[in-house]
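Laboratory data are not the source of any read-out in this text; all were calculated from the coordinates shown. Please read all numbers here as calculations on a predicted model, not as lab measurements. Counting neighbours? That spans all protein chains shown, and the Cβs are built from the backbone with ideal geometry, glycine included.
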Amino acid sequence: MEKVIFGDNQFFAVNHLSDEKSRAQSIRFKDDEAIIRVLDQSIETGINTFMCTTHDRIANICKHILANPESYKNYKIYPCMPYAHKYANAVTELGILGTIKQYVPGNIFGTFAKGGMAYLSKDFLKLMQILIDAEMKMFKGIDTPVIFIQNVITDMVLGLKMYEVFAEYDAYIRKKYNAEPGYITMNMPALLDALESVGVKNPVICSSINKIGFRMSGGKEIYEKYLREKQFRPIAMQVLAAGALRPKEAVEYLGQFPKIESVLFGASSKPHIQETKELIEKYLK
Amino acid sequence: MIKGSVIGLGKMGLSHAAIVGAHPKVDMVSVCDTSSMVLDVFNKFTKVKTYSDYVQMIDNENLDFVVVATPTKFHYPIVKYALEKGLHVFCEKPFMLNSQQGNEIVGLAAKKGVVNQVGYHNHFIGTFRELKRLLGENVLGELSHFSGEAYGPVVTKEKGGTWRSNSAEGGGCLYDYASHVINLLQEVVGRPSKVHGTLLKSIYSKGVEDAVYSLLELDSGLTGTLLVNWSDETYRKMSTSITVQGKKGKIICDATEIKIYLKEAAPAQKLDKGWTIKYITDFAIPVDFYLRGEEYSAQIDYFVDCIGENKNARYNTFEQACYTDSVIEMIVNNNKI
């Protein structure tokens, strides 16, 4: 993995500090061209990995990348699935079964016509695979060396102690996509313990890592202990603690943990992208 | 270990089950739902016992508490049964379908002396707590107006079909989104005792309202607006805010930031003249397990601590949630005028 990974929160009005700022972002990135322009700027600064949710609009970005192979040579996308709010809003309105019906590709009830939902319920893992394939469709033809599950799902499975699901996910991503499975979480130490318990070794884990302990569940101390002592491939996110920290002190803090392989960040202007990238390259060993 | 169970495994139920399951002081011994598909998943991947009948589960298992996260119409019988068996109960919002049922349940919980809490999670968001504290310190002086608002993209197309599209079963924006705001206003500003000028509007839904606009009057005489719309796709997810205006200034508060405008500085609160903006990073309640927001874990932590320390819950009691139900009734009645 590259040291610097470009994120997509800024494109989809995700701002953990201000609803007002998130609205401003959604106005600024109304058109796909605006997203592509910033992505191209990140590439100009030398960032070649884009980590993004499986938001509907990412499909358009993927089409653009596929249509312009020369401009995106060696470009990598790390998909993160699913785009949780899409499902969460649907579950509120339609219930769990209704949501599955809405988002599982059209022919699923044909595929499972024999036993219908009864069959499906007996084959939960098959359902998981179908949903993964549906989310991955937009990336066909693009290099996706690491594929992540979003934190809402990771942490739900973690809390429910359904650890075997992680092992199944892990195996499927390796086999079907020849990619490294990754996990986004707000509970890094607990997740690492859970993954180890089902034999998932040296996993790629993307979690909040910042100087003030923001969104580091269980506290900063245990995170730091795991970053020093455990075997895994950490990606640091929310390093600026949603804007509470200045970039220099934020990145400097990460420098004391040589295990951190990459830093995920998003920004909307080229100078800001450039500055953050240089800081990461300077301080991350 | 405190033994608990979750009844109803929809979106909130699964979320609660994950939080309860991860809680270091709790042993989640069982779950209950009518969907065999959901129970199959638990049977396949966990050691938790599964039930499709809550009576059987409560009778068979030696539980300390239940979390009730079923559709609203089942809250009354399930909560009642659990209370009769002496269990502590955490119930999802909205509380009951009417305040008559609610009052009975409030009385029963008091008689049994058990911990009782309702899932109005905004009370566990640090910014709203800070707003309440600042109002308590009288930084705004005499209050002149408040506005409680919530917007989000739940129903953005014309369709329907679940219990959420039936107002008699607790569906609709009033019971779902607006109840959060009403409960939060109660906690932070005060209890509405009169309702005026209500507009319940269907935008995409048939049979239920997608927007609630109403004027609320508190016991103190203070008035304000309730503005709620769950068919607004300019919001990525539910966004709740409270604005309070007083003679000395104004505060706008949501889950991520609190913006304070003062006509004169308030040195005791370290607040300048003009705008001061503070962020959730200063106020978030630390949790050991995070899922979808600190507040969801913090409310369960609080519930479990109240059980463990044998103390009465102060936040989100049945009594407060029941009062929210009565305000909902006032709004419905006002709309008929």
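At-a-glance table
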{"quantity": "Long pairs among A:LYS230/B:LYS237; A:LYS30/B:LYS157; B:LYS73/B:LYS111; A:LYS3/A:LYS230; B:LYS112/B:LYS194, criterion Cα-Cα beyond 26 Å", "calculated": "A:LYS230/B:LYS237; B:LYS112/B:LYS194"}
{"quantity": "Residues B:SER193, B:SER231, B:SER205, B:SER220, sorted so that the one with the fewest Cβ neighbours within 10 Å comes first", "calculated": "B:SER220, B:SER193, B:SER231, B:SER205"}
{"quantity": "Cα-centred dipole magnitude for the protein assembly as shown, charges only on beta-carbon of K, R (+1) and D, E (-1), debye, nearest 20", "calculated": "560 debye"}
{"quantity": "Flagged links, alpha-carbon separation over 28 Å, of A:LYS211/B:LYS3; A:LYS73/A:LYS277; A:LYS220/B:LYS25", "calculated": "A:LYS211/B:LYS3"}
{"quantity": "Residues A:CYS62, B:CYS91, B:CYS322 arranged by fewest to most Cβ contacts within 10 Å", "calculated": "A:CYS62, B:CYS322, B:CYS91"}
{"quantity": "Per-residue average of Cβ from other chains inside 10 Å of A:210-223", "calculated": "3"}
{"quantity": "Largest-first principal axis extents of the Cα set of the range B:214-295 (Å)", "calculated": "39, 34, 27"}
{"quantity": "Proximal lysines to B:LYS270, defined as alpha-carbon separation beneath 24 angstrom and excluding residues fewer than eight positions away on the same chain", "calculated": "B:LYS132, B:LYS247, B:LYS248, B:LYS250, B:LYS259, B:LYS278"}
{"quantity": "Kyte-Doolittle mean at least -0.5, axial Cα span of 20 Å or more - DSSP H helices of chain B", "calculated": "B:294-308, B:318-336"}
{"quantity": "Inter-centroid distance (Cα atoms) of the range A:40-72 relative to the range A:190-243, Å", "calculated": "27 Å"}
{"quantity": "Overall form of the range A:119-173 per C-alpha gyration tensor (a/c, 1.5; a/b vs b/c)", "calculated": "oblate"}
{"quantity": "Exposure proxy order (Cβ contacts within 10 Å, fewest to most) of B:ASP33, A:ASP56", "calculated": "A:ASP56, B:ASP33"}
{"quantity": "Residue mean of other protein chain beta carbons inside 10 Å, A:174-186", "calculated": "1"}
{"quantity": "Per residue Cα convex hull volume in Å³ - calculated over the protein assembly as shown", "calculated": "157 Å³"}
{"quantity": "Computed Kirkwood radius, in angstrom, where 1/r is averaged over Cα pairs of chain B", "calculated": "20.7 Å"}
{"quantity": "Partners for A:LYS176 among lysines (Cα-Cα distance below 20 Å; same-chain residues under 8 apart left out)", "calculated": "A:LYS76, A:LYS126, A:LYS137, A:LYS140, A:LYS201"}
{"quantity": "Peptide-level mean, for B:34-46, of C-beta atoms on other protein chains within 10 Å", "calculated": "5"}
